[in-house]
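K.L.:
Here it is: the structure, laid out below.
No lab work stands behind these numbers, since they all come straight from the coordinates. Predicted, not measured: the structure shown is a model, and the values here were computed from it. Every residue, glycine as well, gets a Cβ built from its backbone with ideal geometry; the counts of neighbours run over all protein chains shown.
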Amino acid sequence: MKYLAKISRESLACLSSLFSGKYRFLFISYLLVNFALFLYSFTQVDLSLVFSRSAVLREVIKSFQYIGYFDRPLSSFIYVSLVLALFTYYVIFLRLVRQKKITTKQLWGLLICIVPFFVMAYNGFSYDLFNYIFDAKILTFYHQNPYAHMALDYPKDPMLTFMHWTHRTYPYGPVWLAMTAPLSFVALQYFIPTFYLFKLLMALSFMGTVYYIGKISDLWDTEKKVMNMVFFAFNPLVLIESLISAHNDIVMMFMSVIALYVLLKKKYLRSLFYLLLSIGIKFATFLVSPVFLLLGILIWRRKRYSYGVFVLLAISTMCLGVVLASFRTTFQPWYLLYILPFAALRSQKFYISIPGVVLPLFALLMYLPFIYTGNWNPPIPSILNALAEWGIFVSVGGILLYAGFQFVDKKAIFFPWARRYLLIWQHKK
């Protein structure tokens, strides 16, 4: 009880700082945009899914479905507007936190307001959550092995009317099955309770990832703590893919971030345990295990190491994971969750922050063709490839442009004309 009372007091303090500070109108407007995204998610409710037994709620959801399925130009406009608004706020928050105008309490206050809405939101941009639920159902209800059976083996199950990817067997690790089977069992096979238990698991993993990014930042560079947390927590792609679409990648990365934190605290066996849990969820973090091993050896031998180099190695290995996963199927926006938790630990570097904004923006725009047309047929695959390529191109171009300005600023003796225009630009800014 004392622990709950302490959490309640701290939560109230966070909310108080949010609505009483200088930027309260900025925060309130940001919350309204997120609430609009929560409402928009219900425009994507599958037409075969009865999401509520309440006649009133069913009629409300039908009105949202009409926008999503029968007025696609309006739906597309709303989606693009919300995404652009979220990224605008994201850039503003990054700028404010660089100026030390956002506190940790305000950060948690925003998350306390946002997360419950997104837990209640419909998984509007991915059907993977339904597959997670059915995979656990194969074990808890049908008492079969999901590694040997697929959803199509149970053609009379009502969930098949709104599921996708019913032809595949279980693609995840045993740890994920061990984590989700109890949720399916506790919910007694009722869809809505199971749905929200799974979403709650993702939300807790998201909040835990933000928390441990802050804890790691305290160990490495405490002045960058809030910056690192904001970089991850308010990235629109992280919010949408972790909380709304509820991908299990966030649980995998949560475990890996804990593993890193306890490794830095010299708890080697516990770190190995969490890393194995992470690998056992979706395998991708196996690629980062050599980097963890190297860091553990250096810490154990009390050797000096550069945390910046470690973060870049971790990012590089997880980028490889994104590439491998993309070749196996195709690039998906939530694959960036492999990278962003580690990238957040060096968020103040321009070669991290620029692609950290640009790539998620282009990734989220990859949903637009489906929202507008309702299918993934040609030429949409070509459009998606173009968006991915342009995201990379703009990121690299932004990095080179910024680096060029930095070079000109430092080497102005060789480029006096560039120095003059740079000073004029900075004065106007």
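K.L.:
For the stretch 100-223, compute the orientation-averaged projected area of the C-alpha convex hull (one quarter of its surface), in nm². Please report the intermediate quantities before stating the final value.
P.N.:
Values: hull surface 38.2 nm².
If you wrap the Cα atoms of the stretch 100-223 in a convex hull and average its projections, you get 9.5 nm².
K.L.:
Using helices alone, what [θ] at 222 nm do you get for the chain, with -39,500 (n - 2.57) per DSSP H run of 4 or more residues, divided over all residues and rounded to the nearest 500? Provide the component values of the computation, followed by the final result.
P.N.:
Numbers: 19 runs with 301 residues, N = 429.
Rounded to the nearest 500, it is -23000 deg cm²/dmol.
K.L.:
While we're here: Calculate how steeply helix 350-365 sits against the longest principal axis of the alpha-carbon atoms of the chain, using the helix alpha-carbon long axis, and give the answer as 0 to 90 degrees to the nearest 10.
P.N.:
30 degrees
K.L.:
Could you tell me the extents of the stretch 235-359's C-alpha atoms along the three principal axes, largest first, rounded to whole Å?
P.N.:
Extents along the principal axes: 41, 33, 26 Å.
K.L.:
Something else about it: Roughly speaking, what is the centre-to-centre gap between the stretch 146-176 and the stretch 21-41 when only Cα atoms are used, to the nearest Å?
P.N.:
The stretch 146-176 and the stretch 21-41 have Cα centres spaced 37 Å from each other.
K.L.:
How do R98, R53 rank when sorted from fewest to most other Cβ atoms within 10 Å of their own Cβ? Don't skip to the answer; put the middle values down first.
P.N.:
Values: R98 16, R53 8.
With the fewest neighbours first, R98, R53 line up as R53, R98.
K.L.:
Computed over the Cα atoms, what is the radius of gyration of the stretch 206-258 divided by 2.2 N^0.38 Å, N being its residue count? Working shown, then result.
P.N.:
Working: Rg = 11.1 Å, N = 53, 2.2 N^0.38 = 9.9 Å.
Taking the Cα Rg and dividing by 2.2 N^0.38 Å, one obtains 1.11.
K.L.:
Once you compute Rg and the Kirkwood Rh from C-alpha atoms, what is the Rg to Rh ratio for the stretch 158-216? Could you put the intermediate results ahead of the total?
P.N.:
Working: Rg = 14.4 Å, Rh = 13.5 Å.
Computed over Cα atoms, the ratio is 1.06.
K.L.:
I need the phi-derived Karplus couplings for the stretch 309-326: 6.51 cos²θ - 1.76 cosθ + 1.60, θ = phi - 60°, integer Hz, Gly and Pro marked x.
P.N.:
For the stretch 309-326, the Karplus curve yields 5, 4, 4, 5, 5, 5, 4, 4, 5, 6, 5, 4, x, 5, 4, 5, 5, 5 Hz.
K.L.:
Throw me the Rg/Rh for the stretch 1-127, computed over C-alpha atoms with Kirkwood Rh, two decimals.
P.N.:
Values: Rg = 17.6 Å, Rh = 16.6 Å.
Rg/Rh for the stretch 1-127 comes to 1.06.
K.L.:
Additional query: Quick one: compute a quarter of the convex hull surface over the Cα atoms of the chain and quote it in nm².
P.N.:
Mean orientational projected area (the chain, Cα hull): 24.6 nm².
K.L.:
Here is a further query. If you average the sequence gap of Cα pairs under 8 Å that are 6 or more apart and divide by the length of the stretch 47-181, what percent do you get for the contact order?
P.N.:
20 percent
K.L.:
Could you run the Debye sum over the Cα atoms of the stretch 284-349, one equal point scatterer each and no solvent, and tell me log10 of I(q)/I(0) at q = 0.14, 0.21, 0.22 Å⁻¹, two decimals?
P.N.:
Log10 I(q)/I(0), no solvent term: -0.45, -0.85, -0.91.
K.L.:
OK, next. Quick one: M253, M159, fewest Cβ neighbours within 10 Å first, how do they rank? Intermediate results must be reported in sequence, preceding the final value.
P.N.:
Working: M253 29, M159 17.
In order of increasing Cβ crowding within 10 Å: M159, M253.
K.L.:
For a protection proxy built on the mean count of beta-carbon atoms within 10 angstrom, sort 320-329, 211-220, 143-152 highest first, please.
P.N.:
211-220, 143-152, 320-329
K.L.:
Also: Just rank T104, T43, fewest to most, by other beta-carbon atoms within 10 angstrom. Mind dumping the intermediate values first?
P.N.:
Working: T104 14, T43 23.
Listing T104, T43 from fewest to most nearby Cβ atoms yields T104, T43.
K.L.:
With springs only between Cα atoms under 10 Å, which of Q406, Q65, Q348 fluctuates most in a Gaussian network model of the chain?
P.N.:
For the chain, modelled as a Gaussian network with Cα springs under 10 Å, the answer is Q406.
K.L.:
If you take the charge dipole of the chain about its Cα centre, with +1 on Lys and Arg Cβ and -1 on Asp and Glu Cβ, which of N228, T330, P73 is farthest toward its positive end?
P.N.:
Most positive-ward Cα: N228.
K.L.:
Over every pair of different alpha-carbon atoms in the stretch 192-286, take the mean of 1/r and invert it; report that Kirkwood radius in Å. Present the calculation step by step, with values, prior to reporting the outcome.
P.N.:
On the way: mean 1/r = 0.0728 Å⁻¹.
After inverting the mean inverse Cα-Cα distance, the result is 13.7 Å.
K.L.:
Something else now. At what distance in angstrom do the alpha carbon centres of the stretch 283-326 and the stretch 224-271 lie from each other?
P.N.:
When both Cα centres are located, 15 Å separates them.
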